[in-house]
Amino acid sequence: MSFPTCPEAMSPAWLAGALRQDAETLRGFTVAKVGTGQMCDSFRLTLDWTGNIGAPATVVAKCPSHDEASRHIAKLTGTYVKEVSWYRELAAGSGVAAPLCHHAEIAADDVDFILILSDLAPARQGDQLAGLGLAGLVPCIDAAAGLHALLWNDPRLDTLPWLARDNGDVIRALFPQLYAGFRERYADRLEPEVLDLGAGIAQRLDTYLARQTAARTIVHGDLRIDNVLFAPDGESCWLVDWQTLGCGSGATDLAYLVGTSIADPFERAAADRPAFDHWIAALEQRGVAPNAKALWTDYRVGALSGYFMAVFASMSVERTARGDEMFAVMAERPARQAIALGSLELL
């Protein structure tokens, strides 16, 4: 392996080269940890250039997690491969609201990688625990529509092996045991009906994973506000953390976003259809002709995806106090959504 996978291993000369500058123009850099992600480690690098050469003053370096369990699950599911491949093959010129990638490398082991990304400060990361109402989610819905319109029912979906990668066998093998651990961990935190939803998913797991959606496109797979950077005025945003990309229904991404974001179940119930209608209109503005009736069914089934991810991720990454509560919220909110929408009954 000929590239660094953490800031401590980077030399100024290597970093200058990654940013397409002469080696001697970067005197040095300082490092600060950023973000709350548990699957990767991210750092802001403040760069000390020799002069005004038009290079960025700061960048973000994204690296493999320091946690062995997180790296193991990343290898099993192709997590790091997906994010690096997104930036290498699709992001540039896509029009999707995402950071600019200056440099991307990954080793043959599918674990060691490095991304050097544009620093979007003073954009702020969304707060999963605090949540966000429908008005605040509108820029996210528009950004999601931009992603979904990119490859809507496009044959290219099957020509990108990293995107079409099927983790079904891994998920079938792991989910039941992960759910058992999840139920034990959160027995005192979550209500019985919320915990029981996971048992229903486990019983219908084959049907859930094999279900054919109304339309196929590229989906983010973890579209929640912790993975969104908001402009200071709140009018625009950028999607980050492209580790769970896949093929599926964009309506699933949308249900995941709404279900994990809106804390009050009554407010969320009132937001489901308006959010969906806004997304449909945003797709139409981008030249897509969506079947709203069929996609609404996808949305209802998609409400299960937030709970599913909460179980899978919480038991697979390094455990932290914030993470425990975040995953509890990630299960609780979409569980209420799925129960209200009758999601299990559609499987």
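Yes/no matrix, rows are residues, columns are (1) modelled with pLDDT under 95; (2) crowded, with 18+ Cβ neighbours inside 10 Å; (3) on the phi > 0 side of the Ramachandran plot; (4) of a type in the set (Val, Ile, Thr):
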position: THR213; (1), (2), (3), (4): no, yes, no, yes
position: VAL240; (1), (2), (3), (4): no, yes, no, yes
position: ASP272; (1), (2), (3), (4): no, yes, no, no
position: GLU284; (1), (2), (3), (4): no, no, no, no
position: ASN291; (1), (2), (3), (4): no, no, no, no
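Report whether or not ILE141 is farther than 22 Å from PRO7 by Cα, open to solvent by 20 Å² or more (accessible area, probe 1.4 Å) and touching a residue at least 12 places away in the same chain (Cβ under 8 Å). Spell out how you get there, then give the answer.
Details: farther than 22 Å from PRO7 by Cα: yes; open to solvent by 20 Å² or more (accessible area, probe 1.4 Å): no; touching a residue at least 12 places away in the same chain (Cβ under 8 Å): yes.
When the stated conditions are applied, ILE141 does not pass them.
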Which ones in segment 222-238 are over 21 Å from PHE276 (Cβ atoms) and open to solvent by less than 20 Å² (accessible area, probe 1.4 Å)? ASP226, PHE230, ALA231
Filtered residues of segment 258-283 (kept if in contact with a Ser or Thr (Cβ under 9 Å, 6 or more places away or on another chain) and outside any helix (DSSP H, G or I)): none
Can you name every residue in segment 242-252 that is small (Gly, Ala, Ser) and either crowded, with 24+ Cβ neighbours inside 10 Å or part of a loop (DSSP other than H, G, I, E, B) (or both)? SER249, GLY250, ALA251
From LEU341, LEU295, which residue is within 22 Å of VAL219 (Cβ to Cβ) and in contact with a Lys or Arg (Cβ under 9 Å, 6 or more places away or on another chain)? LEU341
Sole miss for ASP277 among (1) surrounded by fewer than 17 Cβ atoms within 10 Å (Cβ to Cβ); (2) under 15 Å from LEU151 (Cα atoms) is condition (2)
Being at pLDDT below 90 and open to solvent by 80 Å² or more (accessible area, probe 1.4 Å) is the filter here; which residues of segment 150-198 pass it? ARG165, ASP166, ASP169, ARG172
Taking segment 310-347 and the residues there that are closer than 16 Å to THR252 by Cα and not in a helix (DSSP H, G or I), the one that is least open to solvent (accessible area, probe 1.4 Å) would be SER343
Against the conditions (1) more than 30 Å from GLU332 (Cα to Cα); (2) open to solvent by 40 Å² or more (accessible area, probe 1.4 Å), where does LEU134 fall short? Just the number, please. (1)
Within segment 27-69, tally of residues that are surrounded by fewer than 21 Cβ atoms within 10 Å (Cβ to Cβ), out of contact with any Phe, Trp or Tyr (no Cβ under 7 Å at 6 or more places or on another chain) and not in a strand (DSSP E or B): 14
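Just to be sure, is ILE116 part of a strand (DSSP E or B), surrounded by 16 or more Cβ atoms within 10 Å (Cβ to Cβ) and aliphatic (A, V, I, L, M)? Break it down stepwise before answering.
Details: part of a strand (DSSP E or B): yes; surrounded by 16 or more Cβ atoms within 10 Å (Cβ to Cβ): yes; aliphatic (A, V, I, L, M): yes.
Considered against the rule, which asks whether it is part of a strand (DSSP E or B), surrounded by 16 or more Cβ atoms within 10 Å (Cβ to Cβ) and aliphatic (A, V, I, L, M), ILE116 comes out as yes.
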Do we have ALA255 as surrounded by fewer than 20 Cβ atoms within 10 Å (Cβ to Cβ), in contact (Cβ under 8 Å) with a residue 12 or more places away in the chain, in contact with a Pro (Cβ under 8 Å, 6 or more places away or on another chain) and part of a helix (DSSP H, G or I) here? no
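Would you tally the residues in segment 4-13 being surrounded by 12 or more Cβ atoms within 10 Å (Cβ to Cβ) and either modelled with pLDDT under 95 or out of contact with any helix residue (DSSP H, G or I) (no Cβ under 8 Å at 6 or more places or on another chain) (or both)?
Keep residues of segment 4-13 that are surrounded by 12 or more Cβ atoms within 10 Å (Cβ to Cβ), which gives 4-7, 10-13.
Adding the requirement that they be either modelled with pLDDT under 95 or out of contact with any helix residue (DSSP H, G or I) (no Cβ under 8 Å at 6 or more places or on another chain) (or both) leaves 5-7, 10-11.
Total satisfying the criteria: 5.
The values are calculated or read from the model by the stated rules, or taken from the named source; none is laboratory data. Please read these numbers as outputs of a predicted model, since none were measured by experiment. All Cβ positions, even for glycine, are placed from backbone atoms using ideal geometry, and neighbour counts span all protein chains on display. Accessible surface areas use protein heavy atoms only, side chains included; no ligands, DNA or RNA. Shrake-Rupley method; radii C 1.70, N 1.55, O 1.52, S 1.80 Å.
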